[in-house]
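To start, the structure itself, in structure tokens.
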Amino acid sequence: MAKKSAQVVPVRDALRVEPGDFEIARLDPAATPVGPKSKSEAAADLAQVAAELDALQEALYAEGTGGGRRRVLLVLQGMDTSGKGGVIRHVAGLVNPQGLHIASFKKPTRAELRHDFLWRVRRQVPAPGLIGVFDRSHYEDVLVARVDGLVPAAEWRRRYGLIDDFEAELAGSGVTTVKCFLHISPDKQRERLVERLENPAKRWKYNPGDLAARAKFPQYQAAYQDALVKCSTAVAPWYAIPADRKWYRNWAVARVLLEALREVAPVFPEPSYDPVVELARLRDADPLR
């Protein structure tokens, strides 16, 4: 019997967070709920994904240069070592960097703190024709702000509704938002932190503050539970990506992004000139011939 391809079951359907039936505690970070079951299978399928992603991204970019308003925003959230940087390298790296806009959201600066929490995020929304990638995002303001008590509880609770309104506004302006929660287990996180310390080439990734955040792992899981349930909407759903296996994490995010781009279905703009006339001019009146 022939193997089913990875495309039989839409990956977005399998990984979408359904607010009425979602519990982060039930998610297995090492699972492979849909698609390939081995690293080699994932690599083979990813080669096909790469070709289609590249073609769709080129069409989206061309559409933007022709006056189109549409763009795609990939939001990556997850605990330290969950692989946000790895996804940017192995998934966003599949397309032409000219069509990418990558933004990383770290601790807000003093200037950013003088504005509302969405101010710095609005400034990084991708322009028409681009694929934007957020390494962390506006969700830090209902995750870190909540766990570390940076704002009163009433304030971070109010932000869920503001985030939903913001993402609905983005949808209305032509932005397709693809939100991926990279779900890693405590054991796998510890393994990757040890690797960072033991490997001189990876020590630059380590921050002593990572252990302080790790100590709050249960509190972060509770914060993620609420953020995913309260902010998984029809126009901007969340996708829960098992992240213990790097090869599966990368494959799943690539497939989710591909399905979103297929739905956008960008088209190359019609030229403002007559190609037949211009071809004849080039053949008959080429100034360099």
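Before moving on, here are some points about what is shown:
- Per the listing Glu155, Glu195, Glu191, Glu167, the residue uniquely more than 23 Å from Asp54 (Cα to Cα), touching a strand residue (DSSP E or B) at 6+ places or on another chain (Cβ under 6 Å) and either in a helix (DSSP H, G or I) or among the charged types (D, E, K, R) (or both) is Glu167.
- For the range 81-98, filtered to residues that are buried (at least 20 other Cβ atoms within 10 Å of the Cβ) and either without any contact (Cβ under 8 Å) to a residue 60 or more places away in the chain or of a type in the set (Asp, Glu) (or both), the residue that is nearest to Leu182 (Cα to Cα) is Ala92.
- Residue within the range 29-37 that is under 18 Å from Arg245 (Cα atoms), touching a strand residue (DSSP E or B) at 6+ places or on another chain (Cβ under 8 Å), open to solvent by 10 Å² or more (accessible area, probe 1.4 Å) and among the polar types (S, T, N, Q) present: yes
- Of the helices (runs of 4 or more DSSP H) that lie entirely inside the range 216-289, those containing 2 or more residues that are within 14 Å of the chain's Cα centre (by Cα) span 246-264.
Results for (1) touching a His at 6+ places or on another chain (Cβ under 6 Å); (2) within 19 Å of Ala55 (Cα to Cα); (3) surrounded by fewer than 21 Cβ atoms within 10 Å (Cβ to Cβ), shown as yes or no for each residue.
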position: Tyr224; (1), (2), (3): no, no, no
position: Ala227; (1), (2), (3): no, no, no
position: Ala243; (1), (2), (3): yes, no, no
position: Val256; (1), (2), (3): no, yes, no
position: Leu261; (1), (2), (3): no, yes, no
position: Val277; (1), (2), (3): no, no, yes
position: Asp284; (1), (2), (3): no, no, yes
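- Any chance Glu112 is open to solvent by less than 70 Å² (accessible area, probe 1.4 Å), at negative phi, in contact (Cβ under 8 Å) with a residue 24 or more places away in the chain and among the acidic types (Asp, Glu): no
- Some residue of the range 183-190 being under 18 Å from the mean Cα position of the chain (by Cα) and at pLDDT 95 or above: yes
- Those residues of the range 141-184 which are open to solvent by 20 Å² or more (accessible area, probe 1.4 Å) and under 21 Å from Pro29 (Cβ atoms), in sequence order: Val144, Val147
The values are calculated or read from the model by the stated rules, or taken from the named source; none is laboratory data. Everything quoted here is computed from the prediction, not taken from an experiment. In this analysis, Cβ positions are derived from the backbone assuming ideal geometry, glycine residues included, and neighbour counts consider all displayed protein chains. Please note that ligands, DNA and RNA were not included when accessible areas were found on the heavy atoms of the full protein model with its side chains. Shrake-Rupley method; radii C 1.70, N 1.55, O 1.52, S 1.80 Å.
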